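The structure appears right after this line, and notes come after that.
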Amino acid sequence: NILRKMGWKSLWSAALRSSRTKGTRRKLEPTQGGTAVCVRDFLGLTTLDKEEKEGRRSEIVPGRLCGAKVCLPGGRNIACYSAYLWCSEKLSPRNRAILAELGQSVSAHRLEWVAGGDFNMTPSQLEKAGFERKCRAKIIAPQEPTCYGAGRPAVLDFFLVSAGLWQAEKQVATT
């Protein structure tokens, strides 16, 4: 594994072939997506639900959402998620289902958490859905665009951070 050789551990959900409807024709697109949580090799990394070895799948939604428990120095554990929502669908039923799975996992594991992803919507669109409030999270997004599709720059890639983790970081940054 090339990541291992470079000093990283990983848990992942492999990319899946997908199809998209354009007009009345269904077109099979190349393999897309896939998600991974990667950490430096000095950190612990396990699946959220059972102790499995590094490199094993950690799927919550195949090809769209995976999660892992990262064991930090000092024995503290956090949950890390990687998300790839459906392109051009914003808050479609499929994307709402992925967000619901993320919310259920966050609730079930009771750890501080961070989710990084290509949400394929702007932070304000996700905020309007109430997800941030329901999961007691903070959206952390860059100021510069992460996507230049359709000639319009937009921020579609960002992080969701649990309120407790965000507050802890904020306290460290100000001391």
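Exactly one residue among Leu165, Leu102 is closer than 28 Å to Asn1 by Cβ, in a helix (DSSP H, G or I) and in contact with a Phe, Trp or Tyr (Cβ under 9 Å, 6 or more places away or on another chain), and that residue is Leu102. Residues in segment 77-106 that are in contact with a Cys (Cβ under 8 Å, 6 or more places away or on another chain) and either open to solvent by less than 40 Å² (accessible area, probe 1.4 Å) or closer than 14 Å to Val161 by Cα (or both): Tyr81, Ser82, Leu102, Gly103, Val106. Selection over segment 108-162 of residues that are under 16 Å from the mean Cα position of the chain (by Cα), hydroxyl-bearing (Ser, Thr, Tyr) and either more than 17 Å from Leu85 (Cα to Cα) or not in a loop (DSSP other than H, G, I, E, B) (or both) gives a count of 1. Looking at Leu48, Leu3, just one residue is modelled with pLDDT of 80 or more and assigned to a loop (DSSP other than H, G, I, E, B), and that residue is Leu48.
Has segment 83-96 got any residue that is of a type in the set (A, V, I, L, M), at pLDDT 90 or above and over 24 Å from Leu43 (Cα atoms)? Lay out the reasoning, then the answer.
As a first pass, look at segment 83-96 and keep what is of a type in the set (A, V, I, L, M): 83, 85, 91.
Now drop any that are not at pLDDT 90 or above, which leaves 83, 85, 91.
Keeping just the survivors that are over 24 Å from Leu43 (Cα atoms) gives 85, 91.
For segment 83-96, residues of a type in the set (A, V, I, L, M), at pLDDT 90 or above and over 24 Å from Leu43 (Cα atoms): present.
Checked against (1) over 16 Å from Phe159 (Cα atoms); (2) small (Gly, Ala, Ser); (3) modelled with pLDDT of 95 or more; (4) outside any helix (DSSP H, G or I), Gly75 passes all but a single condition, namely (3). Just one of the listed residues (Gly149, Gly116) is modelled with pLDDT under 90 and open to solvent by less than 70 Å² (accessible area, probe 1.4 Å), namely Gly149.
The values are calculated or read from the model by the stated rules, or taken from the named source; none is laboratory data. Keep in mind that what you see is a predicted model, and the values were worked out from it rather than measured. Positions of Cβ are generated from backbone atoms using ideal geometry, with glycine treated the same way; all protein chains shown enter the neighbour counts. Areas reflect the complete protein model, heavy atoms only, side chains present, ligands, DNA and RNA absent. Shrake-Rupley method; radii C 1.70, N 1.55, O 1.52, S 1.80 Å.
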